[in-house]
Amino acid sequence: MAIEFNHWPEDLARHYRARGYWVDLPLGDILDRHQHSDAVALIDGERQYRYRELHQAVNRLAGAFQRRGLTTGDTALVQLGNNAELCITLFALLRIGVAPVNALFSHQRTELDAYAGQIEPVLLVADRQHALFRDDHYITALQSRLPGLATVALLNDGGERDLSGWIDEPQQTPVNGASQPGEVAFFQLSGGSTGTPKLIPRTHNDYYYSIRRSVEICGFNAATRFLCAIPAAHNYAMSSPGWLGVFYGGGTLVLAADPSPTRCFPIIEQQQITHTALVPPAVSLWLQALRDGVQANLSTLTLLQVGGARLSEALARRIPAEIGCQLQQVFGMAEGLVNYTRLDDSDEVIFTTQGRPMCPDDEVRVVDEDGNILPPGTEGRLMTRGPYTFRGYYRSPEHNARAFDREGFYGSGDLIVVGEDGNIRVVGREKDQINRGGEKIAAEEVENLLLRHEAILHAALVSMEDELMGEKSCAFIVGHRPLRAVEIRRYLRELGVAEFKLPDRVEMVPDLPLTAVGKVDKKRLRQIIADHQLAR
Ligand code: AMP
Ligand code: DBH
């Protein structure tokens, strides 16, 4: 059975097909087009796959999944780091029509619980090297809650369930069963602003378009050697143009475990990297390393993409000057809409804006609090719809009613200004979220966890400025007794939360300031912490 999702209205769907955005091909086509190629597709440490080999590995794993009973319309929870197995697993699942949630490797129990609870997976793919999967406790707990979760494959297991073993199983049966191109291919993760992390159904048609168009704009081709050092499961790394874009163009993907200069500089030199994508804090670290005189030959690098969080103009200007490559700003979202500065834009546009929508049929509106459309040049809320912007979070009718307007425009929660030339500047945010160097923290999610602590009465999480990360998080807490930051962080860690969500700072207060309508006054709290920071 096909996975439910909110469809585009018929007239728009017809338009998107007529304009050639939706081509009715499954995402598996990205590899199929190169299945006879001897070009190198993927480099992961010492391991190297040619397109032909990658395609065969995908087919073998798809067969292995099929023999274990997986079939079209099933769902899977996948948590793998930046390795070849992540790419092989995704394509194998696409081949047999199983829709995964690709959790980030930094995710812990509460995040995985939330995703599993929503999709009720029949398959789990995880890594023994992740703390949660060192033993079978968590797997057993998941299976007792989800009786349908019958199949488990584990990287670095060595036994019957070893993922690498499954990839090596000889292919005995032809694989088939990809879902229809108009149906859900997989779920993307929303940075979110609500208590439970929301899932974004993405169809083959909409996602494939976003990849093809990104490849075109960014100029990826067979000569591209792309370094993926940011989390490969993230929408940015997958599709803007990301590693799926590299494969589409027939180039070479080189994986790295993290974006630190010590990790990446030698790889860039050895692998002759031409393109890579970073978040702003990583850019700062790269620039600092170069200023510190770290020896590195980055001369092959022609394009550095930066996105996920606001890049300051000062930092932007240093990129061509000090790294010696072109900058491209990327303002995107897992929900869909992606904006790029173009390769032939003026320095002014590239340094001071977050670019413009990639598709002529991306509809972007700037509206006020009541939804009235504002004139160009005015700051307001971003609303958008288009051929690759989703129409609703998975199984979240109430939240969708708030996140979308009557015409199906999605409100991203960003405050923007659109210039006369159509370029967008992100100037703020109205969603209750902290953007910690590109990693999104939904305040409510952390607050709910804090409130489970026996000594905590009220809690509010807000952003505070940070030189490296852009923003960090500060928890204001009303408690029965004084609590120290280390204690709170340890408590959250024990609950099982991704490390980046732990409050960077904790302030005990007698009460939380309220607005006139009785809501926690977060603006005031942000001001309090800013004043504290100034005073230091
Ligand atoms: P997510 O919904 O988790 O995919 O995160 C998308 C959000 O990240 C956007 O709505 C923005 O708030 C933020 N974002 C992404 N790229 C940029 C950028 N280049 N500049 C500023 N904010 C960004
Ligand atoms: O932050 C994001 O989610 C993001 C940034 C750049 C994204 O999803 C994308 C490009 O596709």
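Quick note: the coordinates plus some simple rules give every number you see, no bench work behind them. Remember, it's a predicted structure, so these values are computed and weren't measured experimentally. No Cβ is skipped: glycine too gets one built from the backbone with ideal geometry, and neighbour counts run over all protein chains shown.
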Review point. In a shell of Cβ-Cβ distance under 14 Å around His34, excluding His34 itself, what net charge do Lys and Arg (+1) and Asp and Glu (-1) give?
Key: -1
Check your understanding: Tally Lys/Arg at +1 and Asp/Glu at -1 over every other residue whose Cβ is under 15 Å from the Cβ of Thr151; what's the total?
Key -> -4
Point to revise | Amide H partners (placed H, <5 Å) of Arg429, local residues excluded | key: Leu415
Revision key, fill the gap. Fewest-first ordering of Cys218, Cys325 by Cβ atoms within 10 Å yields Cys325, Cys218
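Could you work out [θ]222 nm for the chain from helices alone, using -39500 (n - 2.57) per DSSP H run of at least four and dividing by all its residues? Round to the nearest 500 deg cm²/dmol.
On the way: 18 runs with 171 residues, N = 536.
About -9000 deg cm²/dmol.
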Check your understanding: Which of the residue pairs Lys472/Lys501; Lys198/Lys522; Lys198/Lys472; Lys198/Lys523 have a Cα-Cα distance greater than 19 Å in the structure shown?
Key -> Lys198/Lys522; Lys198/Lys472; Lys198/Lys523
Check your understanding: If you take the charge dipole of the chain about its Cα centre, with +1 on Lys and Arg Cβ and -1 on Asp and Glu Cβ, which of Thr140, Leu255, Leu42 is farthest toward its positive end?
Key -> Thr140
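So what is the relative contact order for the chain, in percent, with contacts set as C-alpha pairs under 8 Å and at least six apart?
Averaging sequence separation for qualifying contacts and normalising by length gives 12 percent for the chain.
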Check your understanding: Rounded to the nearest 5, what % of the DSSP beta bridges within the stretch 250-393 are antiparallel ones?
Key -> 55 percent
**Study point:** Charge dipole magnitude, Cβ of K and R +1, D and E -1 - the stretch 121-269, Cα centre, debye nearest 20
**Key:** 480 debye
**Study point:** Positive-pole candidate from Leu54, Gln118, Pro170, dipole of the stretch 53-183, charges at beta carbon
**Key:** Gln118
Check your understanding: Can you list the trypsin sites (Lys or Arg not before Pro) in the stretch 121-162 that are in a DSSP coil and have 12 or fewer other beta carbons within 10 angstrom?
Key -> Arg134
Check your understanding: Rounded to the nearest 20 Debye, what is the dipole magnitude of the stretch 294-439 about its Cα centre when Lys and Arg each give +1 and Asp and Glu each give -1 at the C-beta?
Key -> 460 debye
Point to revise | Highest to lowest packing among 150-156, 20-26, scored as the average C-beta count within 10 Å | key: 150-156, 20-26
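For Thr110, Thr300, what ranking results if the residue with the fewest other Cβ atoms within 10 Å of its Cβ goes first?
Ascending Cβ contact count within 10 Å gives the list Thr300, Thr110.
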Point to revise | Electrostatic dipole magnitude of the chain [Cβ: Lys, Arg +1; Asp, Glu -1; Cα centre; debye, to 20] | key: 400 debye
Practice item. Kindly put Arg67, Arg310 in sequence by how many other C-beta atoms sit within 10 Å of each C-beta, fewest to most. Key: Arg67, Arg310
Check your understanding: In what sequence, highest mean first, do 9-17, 222-230 appear when ranked by Cβ atoms within 10 angstrom?
Key -> 222-230, 9-17
